[in-house]
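Below is one structure, written out as structure tokens, with a few remarks after it.
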Amino acid sequence: MDKRDLTQGRIVKALSGFYYVETPSGVVTCRARGKFRLDGTSPLVGDRVTLQIGGDGAGTVREILPRRNWFVRPAVANIDLMVMVAAAVNPVTDPFIIDRVWALAVYHECDFLLCVNKTDLDPAEELCSLYTAAGASVIRTSAATREGVDALSAALSGRVCAFTGNSGVGKSSLLNMLDPALELRTGEVSDRLGRGRHTTRHVELFALPAGGYIADTPGFGSFDLDQMESIRPGQLQYCFPEFESRLGQCRFNDCTHRSEPDCAVLNAVRSGEIQPSRHNSYTRLWEEANAVKDWEIK
């Protein structure tokens, strides 16, 4: 094949086996080559790809260009900033979910932002204080009052970002505030169940008015956590930023920071320098990962 027949672009939507690739000449609807199924790879939203465009205007994804990073859930690639949208009211976000997403962002060398939404209903003082103390970037927002929307827009500007979080926390509503032209569907939260409807059914990357892209991703519940990838136990300590300055100061070189004597991380938890809930999440993630043997990982 003549390389002049190929063009490059970015996948901005994946739906039902079709990939919508943004190119200099517009968005091209593509199928992927069969080789991706054979070698176990799959194109993701955010991927930079080469494609061949046929005479009918349809395309074929020929190659996935090297990725900066990629995530299993949300299924996105080449993300600069992972935005965890959380709330302290209907539905209440479990801090363990925040900690898991933050750890994955660090593991994949991706910046992390905690966006605490619905502050018109609950200012979430405790949640914001917890993550500010842990060193996270935190922005409070309300799609109802526009609180924090300008600050959020500035944080996203010029970057490839992804929204993730529980169903019903307001990801699509915030995106509509950032760009009203999107007119994304939003859903109400069930008072009885305390969770939202899945109004976003697929991953899609939207260009932002201030520059950059944002991926809206399907929401999840606590029962979906098993679908997220696991960080190996030995790597997990490096994915909690507040542990960093204590690493290498424990009595044992192979300290797991769970129950060993003279552990610098545990000493920091006891003195209040590390939040107990953050350490509890670390321990829970470590035990989950340790239960999976290396040979079981694909």
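The values are calculated or read from the model by the stated rules, or taken from the named source; none is laboratory data. Predicted model only: the values in this text are computed from it and were never measured. Glycine also receives a Cβ, built like all others from the backbone with ideal geometry; neighbour counts cover every protein chain displayed. What goes into the accessible areas is simple: the full protein's heavy atoms, side chains included, and nothing from ligands, DNA or RNA. Shrake-Rupley method; radii C 1.70, N 1.55, O 1.52, S 1.80 Å.
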Examine the range 149-168 for a residue that is over 24 Å from V72 (Cα atoms), more than 18 Å from the chain's Cα centre (by Cα) and either among the small types (G, A, S) or not in a helix (DSSP H, G or I) (or both), and state whether such a residue exists.
yes
Can you confirm whether G234 is open to solvent by 20 Å² or more (accessible area, probe 1.4 Å) and either closer than 20 Å to S137 by Cβ or assigned to a loop (DSSP other than H, G, I, E, B) (or both)?
no
Are there strands (runs of 3 or more DSSP E) fully within the range 68-146 with at least 1 residues that are among the basic types (K, R) and open to solvent by 10 Å² or more (accessible area, probe 1.4 Å)? List them.
137-140
Looking at T256 and the list (1) open to solvent by 10 Å² or more (accessible area, probe 1.4 Å); (2) part of a loop (DSSP other than H, G, I, E, B); (3) at pLDDT 95 or above; (4) closer than 29 Å to A87 by Cα, which single condition is not satisfied?
(4)
Selection from the range 173-191 of residues that are part of a helix (DSSP H, G or I) and either exposed (fewer than 15 other Cβ atoms within 10 Å of the Cβ) or modelled with pLDDT of 85 or more (or both)
S173, L174, L175, N176, M177, L178, P180, A181
Expected single match for assigned to a strand (DSSP E or B), touching a Cys at 6+ places or on another chain (Cβ under 7 Å), among the β-branched types (V, I, T) and open to solvent by less than 60 Å² (accessible area, probe 1.4 Å) among V49, V61 is V61
Just to check your reading of the model, which residue among E109, E63 is among the acidic types (D, E) and in contact with a strand residue (DSSP E or B) (Cβ under 8 Å, 6 or more places away or on another chain)?
E63
Selected residue (criterion: nearest to N166 (Cα to Cα)) from residues of the range 44-76 that are small (G, A, S) and more than 10 Å from the chain's Cα centre (by Cα):
G46
Pairs, please: C-beta under 9 Å, at least 6 apart or cross-chain, first residue in contact (Cβ under 8 Å) with a residue 24 or more places away in the chain and in the range 121-136, second of a type in the set (D, E) and part of a helix (DSSP H, G or I)?
A133/E242; A134/D99; A134/E242; G135/E242
Please tell me if V269 is modelled with pLDDT under 95 and of a type in the set (A, V, I, L, M).
no
Please enumerate the residues belonging to the range 243-253 that are in a helix (DSSP H, G or I) and open to solvent by 20 Å² or more (accessible area, probe 1.4 Å).
E244, S245, R246
Could you say whether any residue in the range 9-18 is open to solvent by 50 Å² or more (accessible area, probe 1.4 Å) and of a type in the set (D, E, K, R)?
no
I'd like the full set of residues that are among the basic types (K, R) and modelled with pLDDT under 90, limited to the range 192-239.
R192, R195, R197, R201
